[in-house]
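Below is one structure, written out as structure tokens; comments come after it.
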Amino acid sequence: MFCVQCEHTIRTPVATGCSYAMGMCGKTSEVSDLQDVLIYLLQGVSAYALKARTFGIIDRTIDAYVCQAFFATLTNVNFDSDRILAFISEAQQARASLKERYEAACVAAGQLPDLATGPAAVELTSEKAALLAWAPTAAVNRGAAEVGADILGLRLLCLYGLKGAAAYMEHARVLGEQDDAIGAEFHAIMAWLGTDPSDMHELLGCAMRIGQMNFKVMAMLDKGETDTFGHPEPVQVNVKAVKGKAILVSGHDLHDLQKILEQTAGTGINVYTNGEMLPAHGYPELKKYPHLVGNYGTAWQNQQKEFAAFPGAIVMTSNCIINPDVGNYKDRIYTRSIVGWPGATHLIGDDFSAVIAKAQSLDGFPYDEIPAYTSTGFARNALMAAAPAVIEQVKAGNIKHFFLIGGCDGDKSERSYYTDMAKAVPEDCVILTLACGKFRFNTLEFGDINGIPRFLDVGQCNDAYSAIQLAIALANEFGCGVNELPLSLVLSWFEQKAIVILLTLLSLGIKGIRVGPTVPGFLTPNLLAYLQENFDLKLIDNVEKDLADMLAA
Ligand code: SF4
Ligand code: SF3
């Protein structure tokens, strides 16, 4: 196995990357190798999806499938080799189906089909042992010795960024949003990466192209969420337990939460959000359910302790799942969509009766805890509504600076930087946040500046789209560029959704972003130097120094 896609990757003085029997996340070498084969085959599916498009043949089911299967290979999503094997089989069928239609169209047009090579041509069995024996050919670091670490690093930057975008495409599709132009762009990039490109400039261009594509994907997802559930509104969310039977819903998929709320109405079961599901409380079509009682727990790395203590059923709608055997709750955690853990019940379709029955059979919370609150719901519309008042306060000199402190959480001790930074932000500054990194500071008291809250939770990681919209609106109002605003971005990364958001921000020309807690393992010193030179990308240092630098800028 070789995997270097997340911040947890194994780093030794001699090598970086998880390359032994198991990754730091608990992904076995078997699952990792099968995921490599899957990605390789998906690149072949994309190659044929692209060729088929030249004849106007678009298969939206296959377009969706490629993103779903690719999403299954993100960090902390699917640890079940049987499920990855099933994706591999489907990839082979999808590629064969597109190939057949493409070749038939070529015959009809009197053309010779293009010669298929690499991932488009490889013929594999569906037998696990044979796939595992062949997997080194598909390894994500294939050819590293010939091309060198910089080119490999760029290939991985593109592959992992595209993976993040595929995840958001799937989140949007679940809400009825699919765009054929974005699909074509996705397949073009995916197929091109399957050709093992080795031109530095083309790869750098590809990384920016992925960032730009993902901006459109985030806009599409924003549309799906707001069309379906309304625009988020600022709301206080109880983070303490309420007496009664309970279901906990984690991950990013609001559609699943809605179905669970519908099906639990009138049952007496209370529904809680966890992790990236917290912003759901702001959406009118979700917050209208009185039995959506609050948020339980914090970010993914605390799951084994928090889920073990949760006296109800748990649903994982997307990333991040970690080993439920630690904490002994595998019999009451349910996976959805692309998520998988061997032995955990996987639910297909919109029927959550098994989850409800499980919650009914468990004790639930024995008493009400004294409520405590966090806030969320400051997405695009709420921010825009507040913009005139914010601008007034900026012009009056009452708001001096904006900080976007957000991104993924994780368990490295260096991540206390983000809590310390939030605490150190001066009282005349506003903090925007998003994604699961916010749990480090979202129950602190930040107060307000003449009625404007100093702490604004924009939403999930993909709601970076809302933060970008606010930045553009402020820049327009002040007649400057986004880089000239008194706005500093301090981001934390863990997995591939964060990588694609970073690429999006860079592709929009946003400079001076600080990232941490560590440099991605696939970025070489040369690549880091390139990003520092061209985008003024900075690594987090110490809070005092960074804060002084940001305020001075
Ligand atoms: Fe290692 Fe992260 Fe890959 Fe897991 S996802 S194997 S921790 S690099
Ligand atoms: Fe967190 Fe996994 Fe990335 Fe959507 S839930 S941000 S780490």
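Of Thr504, Thr524, which residue is away from ligand 2 (no atom under 13 Å from the Cβ) and surrounded by 24 or more Cβ atoms within 10 Å (Cβ to Cβ)? Explain how you work it out, then say what you get.
Values: Thr524 fails: surrounded by 24 or more Cβ atoms within 10 Å (Cβ to Cβ).
Result of the check over Thr504, Thr524: Thr504.
Within the stretch 21-39, identify whether any single residue is outside any helix (DSSP H, G or I) and over 22 Å from Pro324 (Cβ atoms), and answer yes or no.
Checked the stretch 21-39: no residue is outside any helix (DSSP H, G or I) and over 22 Å from Pro324 (Cβ atoms).
On inspection, Thr298 fails the criterion of being assigned to a strand (DSSP E or B) and within 16 Å of ligand 2 (Cβ to nearest atom).
Somewhere in the stretch 62-77, is a residue without any contact (Cβ under 8 Å) to a residue 24 or more places away in the chain and either open to solvent by less than 10 Å² (accessible area, probe 1.4 Å) or part of a helix (DSSP H, G or I) (or both)? There is no residue in the stretch 62-77 that is without any contact (Cβ under 8 Å) to a residue 24 or more places away in the chain and either open to solvent by less than 10 Å² (accessible area, probe 1.4 Å) or part of a helix (DSSP H, G or I) (or both).
Suppose we keep only residues that are more than 10 Å from ligand 2 (Cβ to nearest atom) and among the small types (Gly, Ala, Ser) within the stretch 433-453. Which one would you say is farthest from Ala389 (Cα to Cα)? Filtering first and then ranking leaves Gly447.
Looking at the stretch 1-20, which of its residues are more than 26 Å from Thr125 (Cα to Cα), assigned to a loop (DSSP other than H, G, I, E, B) and modelled with pLDDT of 95 or more?
Within the stretch 1-20, the subset more than 26 Å from Thr125 (Cα to Cα) is 4-18.
If we keep only those that are assigned to a loop (DSSP other than H, G, I, E, B) as well, we get 4-10, 12-15, 17.
Listed by number, the residues that qualify are Val4, Gln5, Cys6, Glu7, His8, Thr9, Ile10, Gly17.
Out of (1) hydroxyl-bearing (Ser, Thr, Tyr); (2) within 22 Å of the chain's Cα centre (by Cα); (3) open to solvent by 60 Å² or more (accessible area, probe 1.4 Å), the odd one out for Thr226 is which? Result: Thr226 fails condition (3) only. Are any of the residues in the stretch 27-50 at pLDDT 95 or above and within 16 Å of ligand 2 (Cβ to nearest atom)? The answer is yes; a qualifying residue exists.
Consider Ile10 carefully, then state whether it is open to solvent by 20 Å² or more (accessible area, probe 1.4 Å) and either touching a residue at least 40 places away in the same chain (Cβ under 8 Å) or away from ligand 2 (no atom under 16 Å from the Cβ) (or both). First the steps, then the outcome.
Numbers: open to solvent by 20 Å² or more (accessible area, probe 1.4 Å): yes; either touching a residue at least 40 places away in the same chain (Cβ under 8 Å) or away from ligand 2 (no atom under 16 Å from the Cβ) (or both): yes.
Criteria met by Ile10.
Kindly evaluate Glu90 against the criterion of being open to solvent by 20 Å² or more (accessible area, probe 1.4 Å), farther than 30 Å from Glu414 by Cβ and within 16 Å of ligand 1 (Cβ to nearest atom). So Glu90 does not fit the description; no.
Among the residues of the stretch 301-325, the one identified as acidic (Asp, Glu) and within 14 Å of ligand 2 (Cβ to nearest atom) is Glu306.
Of all residue pairs spaced 6 or more apart or on separate chains, those with beta-carbon atoms under 7 Å, a first member in the stretch 102-129 that is aromatic (Phe, Trp, Tyr) and a second member that is assigned to a helix (DSSP H, G or I) are Tyr102/Tyr48; Tyr102/Lys51; Tyr102/Ala52. Tallying residues that are surrounded by fewer than 24 Cβ atoms within 10 Å (Cβ to Cβ), out of contact with any strand residue (DSSP E or B) (no Cβ under 8 Å at 6 or more places or on another chain) and of a type outside the set (Val, Ile, Thr) within the stretch 267-290 yields 4.
When restricted to residues that are assigned to a loop (DSSP other than H, G, I, E, B) and more than 26 Å from Leu204 (Cα to Cα), the stretch 117-152 contains 7. Taking the stretch 433-540 and the helices (runs of 4 or more DSSP H) fully enclosed by it, the elements with 2 or more residues that are within 16 Å of ligand 1 (Cβ to nearest atom) are at 496-507. For Asn462, indicate whether it is free of Cβ contacts under 8 Å to residues at least 24 places away in the same chain and more than 19 Å from Ala552 (Cα to Cα). No: the conditions fail for Asn462.
Please determine, by comparing only the residues of the stretch 408-432 that are part of a loop (DSSP other than H, G, I, E, B) and within 16 Å of ligand 2 (Cβ to nearest atom), which one is surrounded by the most Cβ atoms within 10 Å (Cβ to Cβ).
To start, the set of residues in the stretch 408-432 that are part of a loop (DSSP other than H, G, I, E, B) comprises 408-412, 425-428.
Then keep just the ones that are within 16 Å of ligand 2 (Cβ to nearest atom); that gives 408-412.
Details: Cys408: 27, Asp409: 23, Gly410: 22, Asp411: 11, Lys412: 16.
This residue is Cys408.
A search for C-beta distances below 7 Å between a residue of the stretch 150-161 that is open to solvent by 10 Å² or more (accessible area, probe 1.4 Å) and any residue that is of a type in the set (S, T, N, Q), counting only pairs 6+ apart in sequence or on different chains, returns Asp150/Thr524; Asp150/Asn526; Ile151/Ser198; Leu152/Asn141. Screening Ala309 with (1) open to solvent by less than 10 Å² (accessible area, probe 1.4 Å); (2) small (Gly, Ala, Ser); (3) touching a Gly at 6+ places or on another chain (Cβ under 9 Å) gives one miss only, at (1). In the set Ile348, Ile321, only one residue is within 23 Å of Ala172 (Cα to Cα) and either in contact (Cβ under 8 Å) with a residue 24 or more places away in the chain or within 16 Å of ligand 1 (Cβ to nearest atom) (or both); that residue is Ile321.
Do we find that Ala386 is open to solvent by 20 Å² or more (accessible area, probe 1.4 Å) and either among the hydrophobic types (A, V, I, L, M, F, W, C) or at pLDDT below 95 (or both) in this structure? Quick ask: steps written out before the conclusion?
Values: open to solvent by 20 Å² or more (accessible area, probe 1.4 Å): yes; either among the hydrophobic types (A, V, I, L, M, F, W, C) or at pLDDT below 95 (or both): yes.
Yes, satisfied.
In the set (1) within 16 Å of ligand 2 (Cβ to nearest atom); (2) open to solvent by less than 40 Å² (accessible area, probe 1.4 Å); (3) out of contact with any Leu (no Cβ under 7 Å at 6 or more places or on another chain); (4) not in a strand (DSSP E or B), Ile405 fails one condition alone, (4). Across the stretch 462-481, what is the number of residues that are open to solvent by 20 Å² or more (accessible area, probe 1.4 Å) and under 19 Å from Asn214 (Cα atoms)? Residues flagged as open to solvent by 20 Å² or more (accessible area, probe 1.4 Å) and under 19 Å from Asn214 (Cα atoms) within the stretch 462-481 amount to 3.
Would you be able to say whether some residue in the stretch 129-146 is more than 30 Å from Pro520 (Cα to Cα) and acidic (Asp, Glu)? No, the stretch 129-146 contains no residue that is more than 30 Å from Pro520 (Cα to Cα) and acidic (Asp, Glu).
The values are calculated or read from the model by the stated rules, or taken from the named source; none is laboratory data. Since the structure is predicted, the reported quantities are computational estimates derived from the model, not experimental observations. Cβ coordinates were reconstructed from backbone atoms using ideal geometry, including for glycine residues, and neighbour counts include every protein chain displayed. Calculation scope for accessible area: heavy atoms of the full protein, side chains included, ligands and nucleic acids excluded. Shrake-Rupley method; radii C 1.70, N 1.55, O 1.52, S 1.80 Å.
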